[in-house]
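The values are calculated or read from the model by the stated rules, or taken from the named source; none is laboratory data. Because the structure is predicted, anything quoted here is derived from the model rather than measured. So basically every Cβ, Gly included, is an ideal-geometry build from the backbone, and we count neighbours across all protein chains shown. Keep in mind that these areas ignore ligands, DNA and RNA; they rest on the heavy atoms of the full protein, side chains included. Shrake-Rupley method; radii C 1.70, N 1.55, O 1.52, S 1.80 Å.
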Amino acid sequence: VYFTYTFGSDEYLEWVNPLREAFIWVSNFLADRHIFDTRFLPYPKQLVPLAAIRAVMGHDADLIGAREKLVRWFWCGILGELYGGAIETRFVRDLEQVPAWARGDANAPTPNTVNDATFVESRLHSLRTRQAAAYKGVYALLLGNEARDWMEDKALDKVQYVNLAVDIHHIFPKKWCDDSKIDDERRESIVNKTAISAVTNRTIGGAAPSDYIAVIEKKAGISSGRLDSLVEAHLVPASLLRANDFDAYFVERRSRLCDLVEQAMGKAVPRDVDQGASSEDSTQFELAEIEELPDEVA
């Protein structure tokens, strides 16, 4: 209705089918980015310019070079948290700038969304629930990092995601963290979480990592080396997990997650958190977020 009122029925009829097809394309684009669940869709609003860009670019959007640039633009919008407020102007700028840039036009500037996107290490401390788009973005990147289930060694792809009842859970369990006097900020940070199947999560329970690792090995019937490789695919330092060394684990995994974000955004992530310390800088982000949902399971 808005489109017809603004541009007229002729323009609507011209674009309605390309846009319909573009939104179908967007659903496949999301699946390729390991976003299988509406609960983990970072920015529904960003799908509007994405579909419009696809409608303008047509099949050019599927060419390798163009798609890689669209993927970079997509992650910059999410991890830079640029689609959470008033975004009408950004919509227009993206539609103006992204197609030519993605096609490799030498005269096309880098889109504002790519230039504007920033992510700092301390942000990982305040990514604690799926209320934050960047939290969901990091979760999807972990799924796309060839992460596999620890109990059954199955890929966490769009087929197994539902079958395994995959969700995000604590790596150092909440009970263990509380008993070990780990501060809430680090305990609930995405640095201490990953995508785990329901059966793996039940096996972990509230036990110390060294204990639940032994149980997983026994139940799954696998060697320590093989389990370590499955754990490492989640960017979890297996040796520190086995040692129950939360402080060293947190520093190392935080660094690995920053590397993952850098790769997705195509730009450096400032490492601004003191080693082993909790970050006071992260509180600035919490003020802008909605009250946290109690949906993360120990």
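Where nothing but the Cβ of Lys and Arg (+1) and of Asp and Glu (-1) is charged, how large is the charge dipole of the chain around its Cα centre, in debye to the nearest 20? Walk me through the intermediate numbers first.
Details: 34 positive and 47 negative charges, 130 e Å.
Approximately 620 debye in magnitude.
Straight Cα distances below 21 angstrom link residue 193 to the lysines 136, 154, 158, 174, 175, 181, with same-chain residues fewer than 8 positions distant left out.
Based on alpha-carbon atoms only, what is the radius of gyration of region 53-168 relative to the globular estimate 2.2 N^0.38 Å?
Values: Rg = 16.6 Å, N = 116, 2.2 N^0.38 = 13.4 Å.
Working it through for region 53-168, the quotient is 1.24.
Relative contact order for the chain: 20 percent, from Cα pairs under 8 Å spaced at least 6 residues apart, divided by residue count.
In terms of overall dimensions, the C-alpha atoms belonging to region 138-179 reach 37, 21, 15 Å along their principal axes, ordered largest to smallest.
Within the accessible area of the chain, the carbon and sulfur atoms contribute 52%, probe 1.4 Å, all protein chains present.
Can you work out the accessible area per residue across the chain, with the rest of the protein chains kept in place, probe 1.4 Å, in square angstrom? Let's see the in-between values first.
Numbers: 13950 Å² over 298 residues.
So the chain comes to 47 Å² accessible per residue, rounded to a whole number.
Across region 25-166, the relative contact order, built from alpha-carbon pairs under 8 Å that are at least six residues apart, equals 30 percent.
Candidates 208, 92, 133 compared by Cα position along the dipole of the chain: farthest toward the positive end lies 208, with charges placed on Cβ. Using the Stokes-Einstein relation with a Kirkwood hydrodynamic radius computed over Cα pairs, the translational diffusion coefficient of region 113-204 at 10 °C and a viscosity of 1.306 mPa s comes to 111 µm²/s.
With r defined as the distance between the Cβ atoms of residue 214 and residue 118 and R0 fixed at 41 Å, what FRET efficiency is calculated, to the nearest 0.05? Provide the component values of the computation, followed by the final result.
Values: r = 42 Å, r/R0 = 1.02.
Approximately 0.50, to the nearest 0.05.
Projected label points at residue 247 and residue 146, each 7 Å from Cα along the beta carbon direction, are separated by 3.4 nanometres.
Angle of helix 88-103 to the longest C-alpha principal axis of the chain, folded into 0 to 90 degrees and rounded to 10: 90°.
Taken along the Cα-to-beta-carbon direction at a fixed 7 Å, the label points for residue 28 and residue 93 span 3.1 nm.
Roughly how big is region 110-188's charge dipole about its Cα centre, with Cβ charges of +1 (Lys, Arg) and -1 (Asp, Glu), in debye to the nearest 20?
Dipole size: approximately 140 debye.
Region 156-201 and region 51-82 have Cα centres lying 30 Å from one another. Translational diffusion coefficient of region 81-123 (Stokes-Einstein, Kirkwood radius from Cα pairs, 10 °C, 1.306 mPa s): 138 µm²/s.
Using a 10 angstrom cutoff on alpha carbons, build the Gaussian network for the chain and name the most mobile of 187, 90, 72. Comparing 187, 90, 72 in a Gaussian network model of the chain, the most mobile one is 90.
With coordinates expressed along the principal axes, the C-alpha atoms belonging to region 174-262 extend over 34, 31, 23 Å, beginning with the largest. Stokes-Einstein, applied to the Kirkwood radius of the chain over Cα pairs at a viscosity of 1.002 mPa s and 20 °C, places its translational diffusion at 105 µm² s⁻¹. With the simple model of a label 7 Å out from the Cα in the direction of the Cβ, residue 262 to residue 15 spans 4.0 nm.
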